[in-house]
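The values are calculated or read from the model by the stated rules, or taken from the named source; none is laboratory data. This structure is a prediction, so every number in the text was calculated from the model and none was measured. Reconstructed Cβ throughout: ideal geometry from the backbone, glycine too, with neighbour counts over all protein chains shown. Calculation scope for accessible area: heavy atoms of the full protein, side chains included, ligands and nucleic acids excluded. Shrake-Rupley method; radii C 1.70, N 1.55, O 1.52, S 1.80 Å.
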Amino acid sequence: MNAPTQSLNVSLGARSYPIYVGSGLLNTSVAAILKQALPNAGEQIVIISNATVAEHYLKPLTDNLQSQGVSRNNIYHALMPDGESYKSLAIYGEIMDLLVKHRLNRDCTIIALGGGVVGDMAGFVAATWQRGVPFIQIPTTLLAQVDSSVGGKTAVNHPGGKNLIGAFHQPSAVVIDINTLRSLPVRELKAGLAEVIKYGVMADSNFFAWLELNMVRLLDRQPEALAHAITRSCEIKADIVAADEHENGIRALLNLGHTFGHAIEAATNYKTWLHGEAVAVGMVMAARLAVQQGYIETTHAKRIEKLIASAGLPIRPPKDMTKKTWLDLMARDKKVKQGKLRFILPTGPGRANIFSNISSEALTRLIDAL
Ligand SMILES: NC(=O)c1ccc[n+]([C@@H]2O[C@H](COP(=O)([O-])OP(=O)(O)OC[C@H]3O[C@@H](n4cnc5c(N)ncnc54)[C@H](O)[C@@H]3O)[C@@H](O)[C@H]2O)c1
Ligand SMILES: [Zn+2]
């Protein structure tokens, strides 16, 4: 069986890789894609997933691999517990123990089957096992499909901070099977839509307008609408990654809404708010700050806010966040560079820019007006 036609490509010279977007790819195409992307791979395959995702998708995946000649004896599973707190060095160590126990070779292939937590962990395992082995991303949340599976950032958390321990390691292919979104909890779907909206706000006014017209279809999980939104989001991310793989410049634009969002996540101990929900509010705040600074019209900020609300996402931060909490937490954000807070602000429809000139008075005014 041949691999399907790829939907797009991430252009990174020798590290370029295809992204496939389609319905049912998990059942029909993974083995063929793997063969095409990694013609010299050895027999051994390690599937890293969690129990929630494995229950739905591990069997179709292994069936597909076996139907294309991969022996059952060469497929290994590492299932991690479900949750952000398990993106830890302890679980990383357990997976490494398993690879050692089964004597995985340098030419093995790692497959990440799951959301961003599994993808980041599997990517970091692949980046470090025997100094790096190839891996394939099969993202199963909308957030992972439009964001974390593309771009090669891999990491685990440390008690002292999120994603503190990691590496850049690009996958060899990304296989996005839209059917996997059928089982995704609706709250997770909406959280993923926040990142989709982000691409429209920062990079593509036509896509933004398309989202305004099609949000109901996306919430309805209509396959054609999802395929379009995911493909366009991946294209935008792929272009930015191709231009700035290691985030020395424009890749930072992908953090639109994230400085405020991270503060909300930290203030609520990463428990009550999903990342996408926090980013949704962060984008509303970035738009308001952009109005205050004279970069965009109020009408444009209102349009952004309306689109976010139409996805069923929050548009106001937690009421009990004090001004001090806001300022303290934002100062701790990773995006602080040379002592200066950096904000990504919209500068017009489908445009955004990086600003390091926002004064603390301006921030205080914004927070006072919440
Ligand atoms: N590497 C990057 O560039 C990058 C970018 C953004 C986010 N991230 C990371 O991604 C992580 C968040 O990812 P996420 O939002 O996908 O969360 P997640 O991986 O925790 O998945 C959310 C929940 O959905 C479940 N799930 C996954 N797929 C499912 C499916 N098809 N059906 C039913 N349930 C399903 C998961 O088991 C989990 O309970 C964070 O750790 C974040 O740091 C990384
Ligand atoms: Zn994000």
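Some points to look at:
- Residues in the range 223-249 that are away from ligand 2 (no atom under 16 Å from the Cβ) and either at pLDDT below 95 or more than 19 Å from S205 (Cα to Cα) (or both): 9 in all.
- Residues in the range 180-202 that are open to solvent by 50 Å² or more (accessible area, probe 1.4 Å) and under 13 Å from the mean Cα position of the chain (by Cα): 1 in all.
- In the range 19-44, the residues that are open to solvent by 20 Å² or more (accessible area, probe 1.4 Å) and farther than 19 Å from C108 by Cα: V21, S23, N27, T28
- Per the conditions (1) of a type in the set (S, T, N, Q); (2) open to solvent by less than 20 Å² (accessible area, probe 1.4 Å); (3) more than 24 Å from N74 (Cβ to Cβ), the sole criterion not satisfied by S16 is (2).
- Odd one out for D107 among (1) outside any helix (DSSP H, G or I); (2) among the acidic types (D, E); (3) free of Cβ contacts under 8 Å to residues at least 40 places away in the same chain: (3)
- Residue pairs whose Cβ atoms lie under 6 Å apart, separated by 6 or more positions or on different chains, with the first residue in the range 50-63 and without any contact (Cβ under 8 Å) to a residue 40 or more places away in the chain and the second open to solvent by less than 70 Å² (accessible area, probe 1.4 Å) and part of a helix (DSSP H, G or I), are P60/L26.
- So I91, is it within 28 Å of H262 (Cβ to Cβ), among the β-branched types (V, I, T) and either open to solvent by less than 40 Å² (accessible area, probe 1.4 Å) or assigned to a strand (DSSP E or B) (or both): yes
- Unique residue being free of Cβ contacts under 8 Å to residues at least 40 places away in the same chain, closer than 27 Å to I236 by Cα, in contact with a strand residue (DSSP E or B) (Cβ under 8 Å, 6 or more places away or on another chain) and open to solvent by less than 10 Å² (accessible area, probe 1.4 Å) when the list is G123, G152, G114, G119: G119
- Boolean, L289 is buried (at least 17 other Cβ atoms within 10 Å of the Cβ) and closer than 30 Å to Q170 by Cα: no
Residue by residue, here is whether (1) in contact with a Leu (Cβ under 9 Å, 6 or more places away or on another chain); (2) closer than 16 Å to D177 by Cβ; (3) at pLDDT 95 or above; (4) within 15 Å of ligand 1 (Cβ to nearest atom) holds:
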residue	(1), (2), (3), (4)
I33	yes, yes, yes, no
N64	yes, yes, yes, no
G83	no, no, yes, yes
L89	no, no, yes, yes
M96	no, no, yes, no
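- Per the listing S67, S71, the residue uniquely among the hydroxyl-bearing types (S, T, Y), open to solvent by 70 Å² or more (accessible area, probe 1.4 Å) and in the same structural domain as Q145 (by TED's automatic domain parsing) is S67.
- R221 vs. criteria in the same structural domain as N255 (by TED's automatic domain parsing), open to solvent by 30 Å² or more (accessible area, probe 1.4 Å) and of a type in the set (D, E, K, R): yes
- Test: N206 is polar (S, T, N, Q) and away from ligand 1 (no atom under 11 Å from the Cβ): yes
- Residues of the range 266-282 satisfying the condition of being in a helix (DSSP H, G or I) and within 15 Å of ligand 1 (Cβ to nearest atom): A266, H275, G276, E277, A278, V279, A280, G282
- Criterion violated by T140 - all others in (1) free of Cβ contacts under 8 Å to residues at least 24 places away in the same chain; (2) in the same structural domain as M121 (by TED's automatic domain parsing); (3) over 21 Å from D333 (Cα atoms) satisfied: (1)
- Breaking point among (1) open to solvent by 10 Å² or more (accessible area, probe 1.4 Å); (2) in a helix (DSSP H, G or I); (3) out of contact with any strand residue (DSSP E or B) (no Cβ under 8 Å at 6 or more places or on another chain), for T231: (3)
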